[in-house]
Amino acid sequence: MSRLRLQTEFFAQMQDPQAMRRMFDHLPGVFFFVKDAEGRMITANAAKLERLGLKQESDFVGKTDADFFPPDVALAFRRDDEEIIRTGRAVINRLEPWLDEQRELAWFMTTKLPITGPRGKIIGIMGMSRRCDEQENPHAAPEASAVVAFIRANLHQSLTAADLAAAVNLSERQLHRKLRDSLGATPHELMVRIRIQAAAEALTRTSVPISNIALDHGFCDQSAFTQQFRKRTGMTPRQFRQRHGIA
């Protein structure tokens, strides 16, 4: 029996198609959801429902983002979903801002994948978001937490992996392993992620010119900042600022 046939036959025997979905109910800090091609909610895990202030899934099914979010945010989500449905290209680990329980700006890593039907037509999307504020990770190694603090204290400086390793008395190899195991990131990715998060907060909370924000957060110029910002958030710094209320 081929491996593909084995897999297909196993899934065909599953009595409940949502059986694996329930695994997401037991993953702390993870928000899972499924939408159809029209943007209607199909299912979500318990954490997602709670985050939206819902007590049962029946209050979620059939609704759209417009029922839960401000018009501009809902429209942005819908356009994002439509692009995935149109192209079939997944969104992997995109940084997205979202208000936390205290209505403070928090950062989430979002992944969205297209769902195909029996004939290969895309019939919807499934997505997962998880909070990625590094200082919120209770399982991070002390050295990893120290690296995060060091980067935040030196946002305006050009840092290397060697600088980070020296700051916490590790070899570069040890540093890579600590960050990978604790935060799932390389030194370079962690530096860029933290700089982008801090710069985004400056975009939403101040009217400082974007070119100045770029330099203040360790980017060589506005062009490099825009390129990295768009790569990780799906929009330019100017678009981000406009969406979050700063002219």
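Just a few scattered comments:
- The residues of the range 216-247 that are free of Cβ contacts under 8 Å to residues at least 60 places away in the same chain and of a type in the set (S, T, Y), listed by number, are S223, T226, T236.
- Among the residues of the range 62-76, those that are at pLDDT below 85 and either part of a helix (DSSP H, G or I) or touching a strand residue (DSSP E or B) at 6+ places or on another chain (Cβ under 7 Å) (or both) comprise P71, D72, V73, A74, L75, A76.
- Conditions (1) surrounded by 14 or more Cβ atoms within 10 Å (Cβ to Cβ); (2) out of contact with any Asp or Glu (no Cβ under 7 Å at 6 or more places or on another chain); number of the one not met by R243: (2)
- When the test is whether a residue is at pLDDT 85 or above and of a type in the set (S, T, N, Q), T8 does not pass it.
- Residues in the range 185-212 that are among the hydroxyl-bearing types (S, T, Y) and in a helix (DSSP H, G or I): T204, S211.
- For P142: the one exception among (1) more than 19 Å from the chain's Cα centre (by Cα); (2) under 28 Å from H188 (Cβ atoms); (3) modelled with pLDDT of 90 or more: (3)
Condition check ((1) surrounded by fewer than 19 Cβ atoms within 10 Å (Cβ to Cβ); (2) without any contact (Cβ under 8 Å) to a residue 60 or more places away in the chain) across all residues:
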| residue | (1), (2) |
| --- | --- |
| R152 | yes, yes |
| Q157 | yes, no |
| E172 | yes, yes |
| R177 | yes, yes |
| D181 | yes, yes |
| Q197 | no, no |
| R205 | yes, yes |
| V208 | yes, yes |
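The values are calculated or read from the model by the stated rules, or taken from the named source; none is laboratory data. Given the structure is predicted, the values throughout are model-derived calculations rather than measurements. Methodologically, a virtual Cβ is constructed for each residue, glycine included, from the backbone with ideal geometry; neighbour enumeration extends over all protein chains shown.
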